[in-house]
1. Suppose we keep just the DSSP beta bridges with both residues in the stretch 75-219; what percent of those would be antiparallel, to 5?
2. Which order do the peptides 10-23, 212-225 take when ranked by the mean count of other beta-carbon atoms within 10 Å per residue, highest first?
3. Roughly how many nanometres apart are two label points built 7 Å out from the Cα toward the Cβ at residue 161 and residue 100?
4. For the chain, what does the alpha-carbon gyration tensor say about shape, rounded, prolate or oblate, given a ≥ b ≥ c as the root eigenvalues, a/c under 1.5 as rounded, and a/b over b/c as prolate?
5. Could you tell me the distance between the Cα centroids of the stretch 184-211 and the stretch 90-129, to the nearest Å?
6. Show that you can apply the helix-only estimate: for the chain, add -39,500 (n - 2.57) for every DSSP H stretch of four or more residues, divide by all residues, and state [θ] at 222 nm to the nearest 500.
7. For residue 70 and residue 93 in one chain, what is 0.36 nm times their gap in residues minus the Cα-Cα distance, to one decimal in nm?
8. Report the calculated FRET efficiency for residue 169 and residue 148 (r = Cβ-Cβ distance, R0 = 25 Å), to the nearest 0.05.
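A short reminder: the numbers here are calculations on the coordinates, not readings from a lab. These numbers come from a predicted model, not from an experiment. Backbone-built Cβ (ideal geometry, glycine too); neighbour counts: all protein chains shown.
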Ligand SMILES: Nc1ncnc2c1ncn2[C@@H]1O[C@H](COP(=O)(O)OP(=O)(O)OP(=O)(O)O)[C@@H](O)[C@H]1O
Ligand SMILES: [Mg+2]
């Protein structure tokens, strides 16, 4: 099992978008995938299903209850643990022993690939997701603060590993909302490659209204626009991740 969390300290960088599209892409490529929504906003859950259509035992909050949850099957190879606002109670009362529980339960489930969508910032739920994963993928938007955000995340991970004895490794960075012809996008791509090494630059996803439509229509980019550049970009990001962490 490989567990990958999508995390960034800044909001709106594309954590949910990448989790949704990559989980769907890998599932349709024949891998057995579990997507877990660790964000009480429930955006990932909404991307897969209409609100309130998830059975009680398929909510992420079960991961904190010492009972094995029952992920909900959304398509042939894809299962979901979803969230809603009730999960936020773990942001208020989550202490370290509780925050390690999801890791154990996730590892007991029979999946090849587990993708975690995390809330923005260093919240207890973000830490629970980080404790549960092997790798982090960090989406950034092309802003002057993108690199500073990555550095802060790395510093936070170092501190976490010093305190808890365990922290995931950053697998790489995706530059989302890219406008490739602009200087700021080019500069951010160059800075990421310089900071993280070439192989940790996992690719770009262009800025396009079609990306917003994927969630609205509950169809990932490779289904909604199979011949598009966006669909190709998702595939390239998937392949870059596969080269680093998957055997086939
Ligand atoms: N490449 C893109 N082009 C256009 N819109 C995008 C793109 N990527 C994401 N968006 C839109 O930007 C918004 C934020 O994206 P998303 O929800 O994936 O980010 P997030 O990091 O999960 O945000 P949050 O911090 O709220 O969890 C959404 O409305 C999404 O549809
Ligand atoms: Mg999100």
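1. So the antiparallel bridges amount to about 10 percent of the total.
2. Final packing ranking: 10-23, 212-225.
3. 1.8 nm
4. In terms of gyration-tensor shape, oblate.
5. The stretch 184-211 and the stretch 90-129 have Cα centres spaced 27 Å from each other.
6. When only DSSP H runs of four or more count, the value is -13500 deg cm²/dmol.
7. So the chain would gain 5.9 nm between residue 70 and residue 93.
8. 0.80
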